[in-house]
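Some notes on the structure that comes next.
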Amino acid sequence: MGGKQKSVKLTRFELEVMEELWRLGRASVREVQEALPEKRRPAYTTVQTIVHRLEDKGVVRRARKIGNAIVFEPVVTRAAAHRRLITDLLEMLGGSARPILAHLVEMGELSLEDLKELEQIVEQEPGPARRKSDAVTEKLNLER
């Protein structure tokens, strides 16, 4: 799965099914269905429909057939799917990550240490990201 991953939009339920496929590596529809949380586990035919929809989108492929069962494997990485979700969210927020970061801080999901680590990552990036890093550093220093 090297090279550039294609960007594909996944529904919430498609993403849940993909999470199980990423975790399992390869699986039949039955294995995916049984791996989903028992409390709200959908019917086999529902999972089958979602897996076939994912196949149509080019997100999974048939790896092999064992008896009557088709074994599927992910074609798109978790990181590529998450990038698409984050890009879509940023577009909905007008391109600004501030509301996301503020929410994460308010919820206790993002600490000062996390922000410092992100700052180091941004500082290593060339071009526009570097200029943003300088602005972030200046703002953080002013607020201390």
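Computed from the coordinates by the stated procedures, all read-outs in this text should not be read as laboratory data. In this text the structure is predicted, and so the values were computed from the model without any measurement. Glycine gets a Cβ as well: all are built from the backbone with ideal geometry, and neighbour counts include every protein chain shown.
Key figures for this structure:
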| item | result |
| --- | --- |
| Square roots of 5 times each gyration tensor eigenvalue, C-alpha, the stretch 12-74, largest first, Å | 16, 13, 11 |
| Fewest-first sequence of 31, 38, 125 by Cβ atoms within 10 Å of each Cβ | 38, 125, 31 |
